[in-house]
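Read through the structure below, which is laid out as structure tokens, and then see the notes.
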Amino acid sequence: MGATHTIRITEFQQVINGLRRRGYRCIGPVLRQGVVVYDDLSRGELLPLTVADRQSPGCYRLENVSVPAVFGAHPGYVSWKTFLLPNDVPIVDAVRTSDGFAIRSAVVPPEKYAFIGVRPCDLHAIDTLDQVFAKSPGSVIDYTGRRKKLFVVAVNCTSSADTCFCDAMGTDPEALSGYDLCLTELPDRSDPRFLATIGSAAGKNLLEEVKTESATLPDLQKVRGLLSDTERTMAGKLNFADLKALLYELLDHSHWADTASRCLACGNCTMVCPTCFCTTVADTTDLEGRQAKRQRRWDSCFNLSFTYLHGGCVRPSITARYRHFVLHKVATWIDQFGRPGCVGCGRCITWCPAGIDITAVVGTIRRTAELTGVKKEQGYVFGI
Ligand code: SF4
Ligand code: SF4
């Protein structure tokens, strides 16, 4: 941890004000249509202070709480990719002219965002997107532009939703890097505060304008206790040990088809996933044929057209598409990028209309393989 201070919740507006003075567009948790989502946050009053969420497969509910908490709600269906890699991004416009047509670039200058309330799993998700879009040879210019200007206020998780499993994916309830400021909520009915940890020179500079106090030893001990309690509540949801090798051996396991028989191929899981980044290019024209637009649009491996090549689709069955989604997240991504593509945020579980739970699916495959002794003799570690 860097230098630590405490901030009263009542002073939090100063953080927003300081960011806005520096030209940032602040994005943070706000309540919209019964869900806490990330959206424009111009005033502290917009923070959802009195609600917490209950999440389970296919289910999201908010309930009122008596102890105020700014970050009482866990990740909702909006992830930070909505801002870093937005949907429907204009690429080029073509406009008819008297002697033909003119092509003009429609790329807009990148916004200067401040993300407020980025959880540790989502910090890992942003780092994963960086690996694909900012650190790869074919880096995507608009992503890189937004990413370079980004200010991150992270928040440590002092509770977990029933769908969270970050501990299994090594993405932890505690933010260790990748932020400018990191907050840990110190809940208290009469005097709610944050512990603030500085992560960069920009974070230090901002905090100097905010009314703070030095953190005490009891504050630090309380935070430690809250973070270990959070980790404990998540334990055992997914056993990631040797999962890649296990799934590669069990591509024909009957549970893929069983799960696919419930899957609607709606693609919700890929839309809400903070690391799913596939896009397509959509061309549209107006009805008079005067103007045409080319846009980059989010796509999903659940769409039949996603793998259409000459002669047909590579993954025509839902079984193949669901298995591809899971394998990419927990196995093939490791071959591509040296790390899993899943950060354990649980969004795909909550927002699946069929209540399909990726941890339950791979857990069932592992358990049945263990019961039937498949590959055990080859040294795979079978557990829960
Ligand atoms: S696969 Fe599911 S749990 Fe994993 S990062 Fe994506 S949405 Fe989160
Ligand atoms: S797993 Fe769930 S969210 Fe994903 S495509 Fe199937 S039904 Fe939709």
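The values are calculated or read from the model by the stated rules, or taken from the named source; none is laboratory data. Bear in mind the structure is a predicted one, so any value in this text is a computation, not a measurement. Every residue, glycine among them, receives a Cβ derived from its backbone with ideal geometry; neighbour counts consider all protein chains shown. For the accessible areas, the whole protein counts, side chains as well, though only heavy atoms, and no ligand, DNA or RNA atoms are used. Shrake-Rupley method; radii C 1.70, N 1.55, O 1.52, S 1.80 Å.
Amide H contacts under 5 Å for Lys112: Arg25, restricted to partners 5 or more places along the chain or on a different chain, H placed in the peptide plane at 1.01 Å from N. What do you get for trypsin sites (Lys or Arg not before Pro) in region 1-74 restricted to DSSP loop and a cutoff of at most 15 other Cβ within 10 Å of the site's Cβ? The qualifying sites are Arg22, Arg43. A P(r) calculated from all alpha carbon pairs of region 1-129, with 10 Å bins opening at zero, reads 10, 32, 32, 14, 8, 4, 1 percent.
Give the share of C-alpha pairs in each 10 angstrom bin for the chain, from 0 to the last occupied bin, in whole percents, shortest bins first. The distribution over the chain is 5, 21, 30, 24, 14, 6, 1, 0, given as percents. Taking amide H as placed 1.01 Å from N in the peptide plane, the amide H of Ser200 sits under 5 Å from none that are at least 5 places away or on another chain.
With contacts defined as alpha carbon pairs under 8 Å and 6 or more residues apart, what's the relative contact order of the chain in percent?
Over the chain, the number comes to 21 percent.
A straight chain from Asp39 to Arg290 at 0.36 nm per residue would run longer than the Cα-Cα distance by 86.9 nm. Partners of Lys293 within straight-line reach, counting lysines whose Cα lies under 30 Å from its Cα and excluding those fewer than 8 residues away in the same chain: Lys81, Lys112, Lys135, Lys148, Lys149. In this rough spin-label picture, where each label sits 7 Å from Cα along the Cβ direction, the Thr364-Tyr77 distance is 2.4 nm. Using r as the Cβ-Cβ distance of Arg232 and Arg297, and R0 as 45 Å, what FRET efficiency do you calculate, to the nearest 0.05? Efficiency at R0 = 45 Å is approximately 0.60.
For the chain, the per residue solvent-accessible surface stands at 46 Å², with DNA, RNA and ligands left out and a 1.4 Å probe. In loop segments of region 257-320 as defined by DSSP, the trypsin sites (Lys or Arg not before Pro) with at most 13 further C-beta atoms inside 10 Å of their C-beta are Arg262, Arg290. In order along region 246-257, the Karplus-derived 3J(HN,Hα) couplings, from 6.51 cos²θ - 1.76 cosθ + 1.60 at θ = phi - 60°, round to 4, 5, 4, 6, 10, 5, 9, 4, 5, 5, 4, 5 Hz, and Gly and Pro are given as x. Report the far tail of the P(r) of region 206-328, meaning the percent of Cα-Cα pairs longer than 22 Å. Counting pairs separated by more than 22 Å, the tail of P(r) holds 63 percent.
Backbone phi angles across region 37-53, fed through the Karplus curve with coefficients 6.51, -1.76 and 1.60 (θ = phi - 60°), yield HN-Hα couplings of 10, 8, 7, 4, 10, 8, 9, x, 5, 6, 5, x, 6, 10, 10, 9, 9 Hz in residue order; Gly and Pro are listed as x.
Within the same chain, aspartates and glutamates fewer than 8 places from Lys222 are excluded, and of the rest, those with a Cα less than 13 Å from its Cα are Glu185, Asp188.
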